[in-house]
1. Can you tell me the dipole magnitude for the chain around its Cα centre, using point charges on the Cβ only (Lys, Arg +1; Asp, Glu -1), in Debye to the nearest 20?
2. What helices does the chain hold that run 15 Å or longer along their axis, going by alpha-carbon atoms, with a Kyte-Doolittle average of -0.5 or more, using DSSP H for the helix calls?
3. Mind checking the per residue accessible area of the chain for me, 1.4 Å probe, whole number of Å²?
4. When the helix-only estimate is applied to the chain (DSSP H runs of n ≥ 4, each -39,500 (n - 2.57), divided by the residue count), what is the mean residue ellipticity at 222 nm, nearest 500 deg cm²/dmol?
5. Among Gln156, Leu180, Val220, whose Cα lies farthest out toward the positive end of the dipole of the chain, if unit charges sit on the beta carbon of Lys, Arg (+1) and Asp, Glu (-1)?
6. Rank these by accessible area, largest first, 1.4 Å probe: Thr124, Thr2.
7. Would you mind putting 38-45, 56-63 in packing order, based on average other-beta-carbon counts within 10 Å, highest first?
8. Considering the chain as a Gaussian network with a 10 Å cut-off on Cα pairs, which listed residue, Ala159, Ala198, Ala28, attains the greatest mean-square fluctuation?
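The values are calculated or read from the model by the stated rules, or taken from the named source; none is laboratory data. Just so we're clear, the structure is a prediction, and the values are computed from it rather than from any experiment. Positions of Cβ are generated from backbone atoms using ideal geometry, with glycine treated the same way; all protein chains shown enter the neighbour counts. Ligands, DNA and RNA are excluded from the accessible area calculation, which covers all protein heavy atoms including side chains. Shrake-Rupley method; radii C 1.70, N 1.55, O 1.52, S 1.80 Å.
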Amino acid sequence: MTRLTGTLAASVTPLRGGGASIDEDAIAPIVDFLHAGGLDGILALGTTGEGIMLSGEERRRVAGRFVEASAGRLAVAVHCGAQTTHETAALAAHAAEAGADAVAVIAPPYYPFDRAGLLDHFRTAASAAAPLPFYVYEFAERSGYAVPVEVLGELQGAADNFVGLKVSDAPFERFSPYLLDGLDVLVGPEALIVEGLARGAVGAVSGLASAFPDLVAALVRSPHPALGERVGALRARLQRLPVPAVFKAALALRGVPVREDVRAPLRTLTEAERTEVAAAVEDAVTPAG
C-alpha cells in the first residue's frame, strides 16, 4: 500500500455550459500543468473540485479521466464523500476499480451524526475502497462538525487500510488534535504547512496548488517560514474571492485552457474580481527582485 506524501493539488474540475456539464477535454491539460509544477499528486473532486455539487455519474467520469490523464505520473486520490453511506461506498468502490491511488471521505453534512454512525460510515467506505489507502477528510467548516478523535482511533482498529487524514481545520489549535500516532496527516490550510510539517505531517493537499503548484511544492520541499508567509498571504488574498472560480481564472491566466464556469449556486467572478486575480497572478509568478 503506497501512502500519499509530498504535495498534492486539490484540483479544480473543469466545467462548461455555465457549469452544466463536465469539460472532459480540459482535464489532461490540467494534469500536465500540475505535473510540470513539480507536484506529487492530485486530490480530485474535493472542495476545490466541486465534488459534492456533481452527480454520482459525473463524479465517476471525472475520477476516471483524472486517473487516465495522470498515467502514473502523479498519484490520484479521489474524494468520495457523499451524503449517504451507500453513495459514498459506491464512489469509493468505483475509485478503486478505476485505478486511483487513494480514497478520501469527508464526514457527511447536515445531520448531527453520533460516534457510532460516523464509525460505521467511515468503516463501510474504507471497506469499499480496499485495498486502496483510505483517508478521512477532516474539514469542520464544510461538514458542519469536527470528526471526534475517538472515532478515528476506533476506525484504526476496524479498517486496515485507514492510514491517514487530510486536515483542513484552522487555526493550528483546531488542526493539532489530528496529529495522531500511526496516521499520516496532510495539511489543508496553506498557512499551516510550515508548522504542520514541523509537527510531523507528511505533506499537503492544497487548493492553492491547483493554480500555483510550483509555489506550494517548493514550500513543502523546503518549509521556510518566509516562503510559508508568502504562500499563506497569497491564499488569503485569493480566498476573499469566490472559490473555486478564482482558481479556474488563475489557471486560465497561467495558460491552462480552463473556463471559469462553476456549478450553481457557486458563481463566477465579476470584472473587478478578475482584475484582482490577474494582479495576484502577476505578483505570484514574478521573480522577487
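1. Computed charge dipole of the chain: roughly 280 debye.
2. Long hydrophobic helices here: 85-98, 115-129, 225-239, 271-285.
3. Dividing the accessible area of the chain by its residue count gives 40 Å².
4. About -13000 deg cm²/dmol.
5. Looking along the dipole axis, the top candidate is Val220.
6. In descending accessible area the options line up as Thr2, Thr124.
7. 38-45, 56-63
8. Residue with maximal mean-square fluctuation among Ala159, Ala198, Ala28: Ala198.
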